[in-house]
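Undergrad: Input: one structure, supplied below.
The values are calculated or read from the model by the stated rules, or taken from the named source; none is laboratory data. These numbers were taken from a predicted model, which means no experiment stands behind them. For neighbour counting, all protein chains shown are included, and Cβ atoms are generated from backbone atoms with ideal geometry for every residue, glycine included. Side chains are part of the model used for accessible areas, which takes the heavy atoms of the whole protein and leaves out ligands, DNA and RNA. Shrake-Rupley method; radii C 1.70, N 1.55, O 1.52, S 1.80 Å.
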Amino acid sequence: HEIIPPSPWVERFAKMICQGGQVLDMACGSGRHTRFLASHSYPVLAVDRDRQSLAVLRELPGVSVLEADLEGDSWPLLGMRFAGIDVTNYLWRPRFADVLALLAPGGVLIYETFMLGNEAYGKPSNPEFLLRPGELREVIKAAGLREIAFEEGLTASPKPAMRQAICAVRD
């Protein structure tokens, strides 16, 4: 099956993560960002509930995996800290604060997912899984993170979609 290249957003900002610092690839799916980050010598914790996806990633050097339900009652990452967090194409609002609490001082958050308007282009189309305009900005500001870059709107690649992306740092 085809290997999907990393998001240009993740490629652009991953170099801000301190070299050798552990990175969380949250809801990692097929692991395109896990592979990208590991290939740049970052130790990566790949988390997803899909056992099959994780089985493939388990073999990669520098990668550890955690099969977990990120939307359950218990928070499987409690007390952990990361130099970088990558979240791509995933949104579960009830855990925003928990995710941001995982970012160590100096840590870099790279977050990119779908926003309202995406229903015109396909899935996801449920507003529960689509960011409101400016929502990532509001969330990181409320958490005391410093914005490095922010984009929102229509993207053509890898397919037409409405997306929102932010890179932020915990000072």
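Undergrad: Tell me, what are the semi-axes, in whole angstrom and largest first, of the equivalent ellipsoid of region 126-165 as set by the roots of 5 times the Cα gyration tensor eigenvalues?
TA: So the three semi-axes of region 126-165 are 21, 13, 6 Å.
Undergrad: Further question on the same structure: Ignoring ligands, DNA and RNA, what percent of the accessible area of region 32-145 is carbon or sulfur (1.4 Å)?
TA: For region 32-145, the apolar C and S fraction of the accessible surface comes to 54 percent.
Undergrad: For the chain, what is the calculated [θ] at 222 nm in deg cm²/dmol (nearest 500), taking -39500 (n - 2.57) for each run of four or more DSSP H residues and dividing by its residue count? Before the final figure, lay out the partial values.
TA: Working: 5 runs with 36 residues, N = 171.
Taking each H run of at least 4 residues, the total per residue is -5500 deg cm²/dmol.
Undergrad: So, counting K/R as plus one and D/E as minus one, what does the shell of residues with Cβ under 13 Å around L24 add up to?
TA: -2
Undergrad: Could you give the length gained on full extension between D50 and Y121, defined as 0.36 nm per residue of separation minus the Cα-Cα distance, in nm?
TA: Between D50 and Y121, full extension yields an extra 23.0 nm.
Undergrad: A further question on this structure: How big is region 82-135 on each of its three principal axes, counting only the C-alpha atoms and giving the largest first in Å?
TA: Extents along the principal axes, in whole Å: 39, 18, 17.
Undergrad: What is the local net charge at L109, summed over the other residues whose Cβ is closer than 15 Å to its Cβ (Lys, Arg +1; Asp, Glu -1)?
TA: Numbers: positive: R12, K15, R81, R95, R137, K141, R146, R170; negative: D25, D86, D98, E112, E135, E138, E147, E151, D171.
Neighbourhood net charge equals -1.
Undergrad: Would you please calculate the Kirkwood hydrodynamic radius of region 75-164 over all C-alpha pairs and express it in Å, rounded to one decimal?
TA: After inverting the mean inverse Cα-Cα distance, the result is 13.8 Å.
Undergrad: Could you report the chain's accessible area per residue, 1.4 Å probe, as an integer in Å²?
TA: Result: 50 Å² of accessible area for each residue.
Undergrad: Same structure, new question: Compute for the chain: radius of gyration divided by Kirkwood radius, i.e. Rg/Rh, restricted to C-alpha atoms, rounded to two decimals.
TA: Result for the chain is an Rg/Rh of 0.93.
Undergrad: Oh, and also: Using only the alpha-carbon atoms of region 5-72 as identical scatterers, what base-10 log of I(q)/I(0) does the Debye formula give at q = 0.15, 0.23 Å⁻¹?
TA: Results for region 5-72 at q = 0.15, 0.23 Å⁻¹ read -0.42, -0.94.
Undergrad: Net charge around D171, counting only other residues with Cβ within less than 12 Å of its Cβ (Lys, Arg = +1; Asp, Glu = -1)?
TA: It works out to a net charge of +1.
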